[in-house]
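S.K.: Here it is, the structure, as structure tokens.
The values are calculated or read from the model by the stated rules, or taken from the named source; none is laboratory data. Model, not experiment: these values are computed from the prediction. Because the Cβ atoms are built from the backbone with ideal geometry, glycine has one as well, and the counts that use them run over all protein chains shown.
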Amino acid sequence: MSLFKKASVVKTILALCVILILGIQAINKVNKYYRYGKFDFLKISTNAPYIVSEGFENHVTATLTGRLGNQMFVYATAYALGQKLHKPVAIAKRYCDRTYDLGIFNIPQEFNDIQKIWSVRSWVIPAEKKASLWDQNWFYYDDSIWSIPASQKNIVLKGHMQSPLYFEAYAEDLRNKVFVLNKDLSVIAQGWKRKINAAKISVSLHVRRGDYLNFTIFNGPDIHYYKRAVRLMMDLLGEDIEFFIFSDDFDYIKENFSWIKKAHYVNSDSRYSYEDMFLMSECHHNIIANSSYSWWGAYLNKHKKKKVIAPIHWFSREYQLYKCPTIDLYPKDWILLK
């Protein structure tokens, strides 16, 4: 056999070995399926798919996804796990699929530049540098997160974690210490805060348009949802309510919500979009959209007797997860409407 043919055979064998290794790795990743109603959610768990940066050993690292509201869910879960295991929390910006939005909060801006590692070279990585991955999709609650032992040095959280059940034990911390703005409100937002605080009964109402108009997975609740929610709030609280309507489409709400008496159309500074979430939390009560943004506006609301109305469906009718149960997504005392 010629030297050239021998080299070709060796290359072929090496390629087959790589394919085999990658195939085994993929099979090992998929270790459990969770059946939730009629939908399967995939949980991925690997022994050591990441290597942590120098100085970030023994941390809980949050791998962020989405925009502000989604990132808050992941960080809140990481905070709760860190409190339980007595570990500090770090943030992995490398794998953030959108703009990093948590810089507005009074949280440690600790960035762990984790890197993925492959099984073929994981054996050469020191054990103290390896991190275990806990991966969860959407908004079902998986209590196996609490079985992670404190002896596990490095933990990486990845997914959505959209359930308050992950962090309800630390709700007051989140409201009073973690998700607190580290900068002053703009002049416009300060004016709206004064109006909200002056109202005898204030109710925020959030209408999300923007990206939802072209995003088939999510469609905002229709006008009938908002009419039922407003009527229910008035039945519960009386007629003396002032509604503060928030939206990323100011012209739309002025045109389509003129039927609400005592309505204020909050026209905030678009440069500081996070301020609307803060202003929603200042209201006594909240009507939210299928949006993690207004979800957090309601959750951070500190009023003890608050009423929160939310849509029972999170996804659009056209999406396969439309009927996915949302029981874990909302606090038990929130009111759900179709």
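S.K.: Is it the case, given these coordinates, that Gln83 is of a type in the set (S, T, N, Q), at pLDDT 90 or above and more than 24 Å from Met277 (Cα to Cα)?
M.R.: Yes; evaluated as a whole, the condition is true for this residue.
S.K.: So, Lys254, is that one in the same structural domain as Gly191 (by TED's automatic domain parsing), within 20 Å of Glu275 (Cβ to Cβ) and part of a helix (DSSP H, G or I) or not?
M.R.: yes
S.K.: Scanning segment 59-80 for residues that are in contact with a strand residue (DSSP E or B) (Cβ under 9 Å, 6 or more places away or on another chain) and in a loop (DSSP other than H, G, I, E, B), which turns out modelled with the lowest pLDDT?
M.R.: Step by step, filter segment 59-80, then rank; the result is Thr65.
S.K.: Here are some residues: Ile117, Ile91, Ile125, Ile51. Which one is within 22 Å of the chain's Cα centre (by Cα) and either at pLDDT 70 or above or farther than 16 Å from Phe167 by Cβ (or both)?
M.R.: Ile91
S.K.: Taking segment 255-291 as the search range and keeping residues that are under 22 Å from Ala198 (Cβ atoms) and surrounded by fewer than 16 Cβ atoms within 10 Å (Cβ to Cβ), which one is nearest to the chain's Cα centre (by Cα)? Step through it out loud before you land on a result.
M.R.: Within segment 255-291, the first condition is being under 22 Å from Ala198 (Cβ atoms), and the residues that meet it are 257, 260-269, 272, 275-287.
Those still in the list that are surrounded by fewer than 16 Cβ atoms within 10 Å (Cβ to Cβ) too: 261-262, 267, 269.
Values: Lys261: 33, Lys262: 32, Asn267: 25, Asp269: 24 Å.
Across segment 255-291, the extreme among qualifying residues is Asp269.
S.K.: Residue check: is Ser294 in the same structural domain as Asp235 (by TED's automatic domain parsing), modelled with pLDDT under 95 and either of a type in the set (Gly, Ala, Ser) or under 20 Å from Arg209 (Cβ atoms) (or both)?
M.R.: Criteria not met by Ser294.
S.K.: Out of segment 292-318, which residues are within 23 Å of Asp184 (Cβ to Cβ) and surrounded by fewer than 22 Cβ atoms within 10 Å (Cβ to Cβ)?
M.R.: Within segment 292-318, Leu300, Asn301, Lys302, His303 qualify.
S.K.: So Ala189 passes all but one of these: (1) of a type outside the set (Ser, Thr, Tyr); (2) in the same structural domain as Thr63 (by TED's automatic domain parsing); (3) in contact (Cβ under 8 Å) with a residue 12 or more places away in the chain. Which condition number does it fail?
M.R.: The one condition Ala189 does not meet is (2).
S.K.: Please find, within segment 283-313, the residue that is farthest from Val230 (Cα to Cα) out of those that are assigned to a strand (DSSP E or B) and touching a helix residue (DSSP H, G or I) at 6+ places or on another chain (Cβ under 7 Å).
M.R.: Here is the first cut: in segment 283-313, the ones assigned to a strand (DSSP E or B) are 285-287, 308-311.
Cutting the leftovers down to touching a helix residue (DSSP H, G or I) at 6+ places or on another chain (Cβ under 7 Å) gives us 285-287, 308-309, 311.
Numbers: His285: 11, Asn286: 10, Ile287: 8, Val308: 11, Ile309: 9, Pro311: 13 Å.
Once the filter is applied, the top-ranked residue is Pro311.
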